[in-house]
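Colleague: One structure, as C-alpha cells, below. Some questions next.
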Amino acid sequence: MTATARLPRVRASELVGRGWLNTGGRTVTLADLRGKITILDFWTFCCINCLHVLDELRELEEQYRDVLVIVGVHSPKFVHEADPVALAAAVERYEVHHPVLDDPDLVTWSAYTARAWPTLVVIDPEGYVVAQMAGEGHRHNVEVLVRDLVAEHEAKGTLHRGSGPYVAPEPRAGTLQFPAKAVALPEGRLLVADAGHHGLVELEADGETLVRRIGSGERGFTDGGPQDASFAEPNGLCLVPDELRAQLGYDVVVADTVNHALRGVRLSDGVVTTLAGTGEQYMVGAADNTDADVAGPRGQKLSSPWDVVWSDALGSFVVAMAGNHTLWTFDAVQGSVRPFGGTENEGLLDGPLADAWFAQPSGLAVDADQRIWLADSETSALRWVDPVALTVHTAVGEGLFDFGHRDGPADQARMQHPLGVAVLPDGSVAVADTYNGAVRRYVPDTREVTTLATGLAEPSGLVTLSTDDGLALLVVESAAHRLTRVPLADGVGRTIDGGAHRTQRPVTELAAGDVALDVVFTPAAGQKYDDRYGPSTRLQVSSTPPELLLDGAGDGVPLHRTLRLNPDVGQGVLHVTAHAASCDADPAIEYPACHLNAQDWGVPVRLVADGPAELALPLHG
C-alpha cells in the first residue's frame, strides 16, 4: 500500500475495555506500544471470517515479532461472547498468541468506527492510524504495509526492536482439549475430534478411557500413520457406509477445518489420507480456487468445512462449508467435490437451494425421511434441506442478529449460535445450543421447542446412544474438555423463557430519502483492479426489514450506489456485501499474484432529520 493510499494522519485512540488477556495481568496502553507497528484486530469469536484472519496473521506475527504487535480487540456479537470466562476459553482454543483487549461495551470498537467483524486497523510507531480494512483476505496487503513501515521508521529512528507485551498462558493438561464432535464406532467405542490437540482421540465406550490418538498433536497438514499425520482444528466426523469402506479404503471422513480439507481415516491402522482440499482456503470470487495441476477433489480449495454427513438420497457426503456459508457434496466413488447449496451470501433465506443464504452451517444430521438437518450458527437457526426437491426450510430462527433462549412454538423460539444436531429415534431433532450451554429439542410434527439440558459448557456435538439405562445423548462439552451423557428418559424436556435478544451495536444515523453508499477500495501498492475475468467489483445491498429500502436493493458492479431510505420505517439494518479483486500491476510478472477483498456489513441505522446523506464503508486493499 503506497503512502498516498494510507489514511490521513490521525492519532490512534486509547485502548479501553474491561480488561486484558495474554499480558500477565498487565494493562497495555498506546504509550507502551510506541515504537512498534501495531495492528488492532477487531474480532468476535463466533465469526468464521475473524477466525480466518487469526490464521492469516499467524505467520506475519511470527515473522515480524520484534517490530510488530497485534492486539486483538474482542467486540462481542452474542451475549455469551461477553462472558469473560468464555472469552478466555476462546483465546486459548484458537491459540491467540498476542494481547487481547476485552471490549464488551464496544468502547474501543466505537472509537475506531468499526462497523464489521473482522476489521483491521494499522497504527504506525509514532501512534498514528495509517490504514483500516474490513473483512478477510488482507494478509498480502498487510505484509506490504508492515514492510514499508519498518523501512520508513527504521530510517527515521522511530522503530524500536524487541519483545512485545504478550505473556503466554500456562499450558493445559488433559486427555481432551476443546473437543468438537464425536461419532460412535461400530464396536461401541467413540472417536472424538480433539480440536485443541489438532487430532483425533479414540475412547472406550465410557467416554473417558483413552485407547489411542490419531495425529501428531501439532498443527499441520500431513498424511500418514497415526503418529505422523497432522490436522488443524478438526471438527465433524462421519462414518463411511459399510458397503463402501473396502472400496474406498477408509472408514471415517473428517472435516479438517483450518486445513480447509476433508481427510479419510482407516481405523484398522490409523492411517490418514487427504480426500479433498489443497490446504489453502477457497476465496469467494477468486479465479484460482481450483488447482489445474492437481486432479479431482484434492485440487479443489475448500473453506472451513465444519461438519460432514452421509446422505443416502444423494449417494454422497454432504459438507457444511462454514467458511463461505454453503453446503457442498463429496462423491467419494466418482471422485468429485462441488457446491450443493447456498449463494455464498451470509444470511437466512429459504427456498431453492441454488438461491438460499446460509450463515456458517456448523452441524449436520439426516433423519429417516432423508431430510438433512443443519445448525446454521450465525443465524442461531435450525434448518433443513430436502435433497430431492432441492429446497431449504427454516424450523427455528429469524436472522443474523436475533437470538436468545426461548422455548415454545417454533416461530417464537430462539437459540444462540448452535453448532450441533442429532436426530432422535422418535424423529425429533436435538440441537447443541452452544452459546446457551444447553441441549434443545425440536419436534417437526408439532413445531414445538423444549430444553433437554442446561448448564453445559459450550456443547458443540451430539451422539445418540442406546445404553442399558435407556436412550441417552452423548454431549461433546467443548469448553469443559469432556464428553457428558444426558439421559433421555422421557425425551420431552422443559420449557424455558430466557428472552429474545438482538445484537446491539452503535447505530449509524442517516437521513431519510436518498443516501449515497460508497464502499471505499484502494488496491495495495503495486496492484491494480483485476478485470481479466469480468468486472473486478460487486456490490449487494438488502435490508431488515425489507421495507427500509425503497430503492437501491440488489446486485450490481459499481461500489457506489444511491439508496432511498423509507422515512416511515425509521430504523433497521442495512446488509452490504462488497467484493473487489486486484492483482500485480507489473506487466513483467508472468504469473501475477491476485487477491479478492470481500466483506459483509450489517449496519444498524436510524433515520433522523438532518442526518448524513452518505455512508462510507472501508474495503482497503
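Colleague: Please note which helices (runs of 4 or more DSSP H) are completely contained in the stretch 1-115 and include at least 3 residues that are farther than 23 Å from Glu170 by Cα and more than 17 Å from the chain's Cα centre (by Cα).
Modeller: Values: elements: 48-63, 84-93, 107-111.
Filter on the stretch 1-115 gives 107-111.
Colleague: If I filter the stretch 253-272 for residues that are in a helix (DSSP H, G or I), in contact with a strand residue (DSSP E or B) (Cβ under 8 Å, 6 or more places away or on another chain) and surrounded by 15 or more Cβ atoms within 10 Å (Cβ to Cβ), do I get at least one hit? Don't jump to the end; show me each part of the working.
Modeller: First, pick out the residues of the stretch 253-272 that are in a helix (DSSP H, G or I): none.
No, the conditions are met nowhere in the stretch 253-272.
Colleague: Test Arg34 against the stated conditions and say whether it is modelled with pLDDT under 95, in contact with an Asp or Glu (Cβ under 9 Å, 6 or more places away or on another chain) and either outside the structural domain of His140 (by TED's automatic domain parsing) or of a type in the set (D, E, K, R) (or both).
Modeller: Values: modelled with pLDDT under 95: no; in contact with an Asp or Glu (Cβ under 9 Å, 6 or more places away or on another chain): yes; either outside the structural domain of His140 (by TED's automatic domain parsing) or of a type in the set (D, E, K, R) (or both): yes.
Here the answer is no, as Arg34 does not meet what is asked.
Colleague: Restricting to the stretch 81-112, and then to whatever is in contact (Cβ under 8 Å) with a residue 12 or more places away in the chain and of a type in the set (Val, Ile, Thr), can you tell me which residue is farthest from Arg11 (Cα to Cα)?
Modeller: Just the residues of the stretch 81-112 that are in contact (Cβ under 8 Å) with a residue 12 or more places away in the chain, to begin with: 81-82, 84, 86-112.
Cutting the leftovers down to of a type in the set (Val, Ile, Thr) gives us 91, 96, 100, 107-108.
Numbers: Val91: 28, Val96: 27, Val100: 21, Val107: 17, Thr108: 14 Å.
Residue satisfying both the conditions and the ranking: Val91.
Colleague: What residue, among those in the stretch 282-339 that are modelled with pLDDT of 95 or more and of a type in the set (Phe, Trp, Tyr), is surrounded by the most Cβ atoms within 10 Å (Cβ to Cβ)?
Modeller: Trp306
Colleague: Restricting to the stretch 388-406, and then to whatever is buried (at least 21 other Cβ atoms within 10 Å of the Cβ) and assigned to a loop (DSSP other than H, G, I, E, B), can you tell me which residue is modelled with the highest pLDDT?
Modeller: Gly397
Colleague: Still on this structure: Out of everything in the stretch 433-454 that is touching a residue at least 12 places away in the same chain (Cβ under 8 Å) and over 18 Å from Glu477 (Cβ atoms), what residue ends up being surrounded by the fewest Cβ atoms within 10 Å (Cβ to Cβ)?
Modeller: If we filter the stretch 433-454 for residues that are touching a residue at least 12 places away in the same chain (Cβ under 8 Å), which is where we start, we get 433-445, 447-454.
Filter once more, keeping what is over 18 Å from Glu477 (Cβ atoms): 442-445, 447-450.
Numbers: Tyr442: 24, Val443: 19, Pro444: 16, Asp445: 8, Arg447: 14, Glu448: 18, Val449: 28, Thr450: 19.
Among residues in the stretch 433-454 that are touching a residue at least 12 places away in the same chain (Cβ under 8 Å) and over 18 Å from Glu477 (Cβ atoms), the one surrounded by the fewest Cβ atoms within 10 Å (Cβ to Cβ) is Asp445.
Colleague: Tell me yes or no: at least one residue of the stretch 163-182 is crowded, with 21+ Cβ neighbours inside 10 Å, more than 26 Å from the chain's Cα centre (by Cα) and modelled with pLDDT of 95 or more.
Modeller: Step one: filter the stretch 163-182 for residues crowded, with 21+ Cβ neighbours inside 10 Å, giving 164, 176, 178-182.
Okay, now just the ones that are also more than 26 Å from the chain's Cα centre (by Cα), so 164.
Checking the rest, the ones that are also modelled with pLDDT of 95 or more come to none.
Within the stretch 163-182 (the criterion being crowded, with 21+ Cβ neighbours inside 10 Å, more than 26 Å from the chain's Cα centre (by Cα) and modelled with pLDDT of 95 or more), the answer is no, since none of the residues qualifies.
Colleague: Hey, Ala195 hits all of (1) touching a Phe, Trp or Tyr at 6+ places or on another chain (Cβ under 7 Å); (2) without any contact (Cβ under 8 Å) to a residue 24 or more places away in the chain; (3) under 21 Å from Ala322 (Cα atoms) but one; which does it fall short on?
Modeller: So Ala195 meets the others, but not (2).
Colleague: Might you let me know whether the stretch 122-138 holds any residue that is modelled with pLDDT of 90 or more, closer than 27 Å to Gly323 by Cβ and out of contact with any His (no Cβ under 7 Å at 6 or more places or on another chain)?
Modeller: yes
The values are calculated or read from the model by the stated rules, or taken from the named source; none is laboratory data. Computed from a predicted model, the values in this text were never measured in an experiment. With ideal geometry, Cβ positions are generated from the backbone for all residues, glycine too; neighbour counts draw on all protein chains shown.
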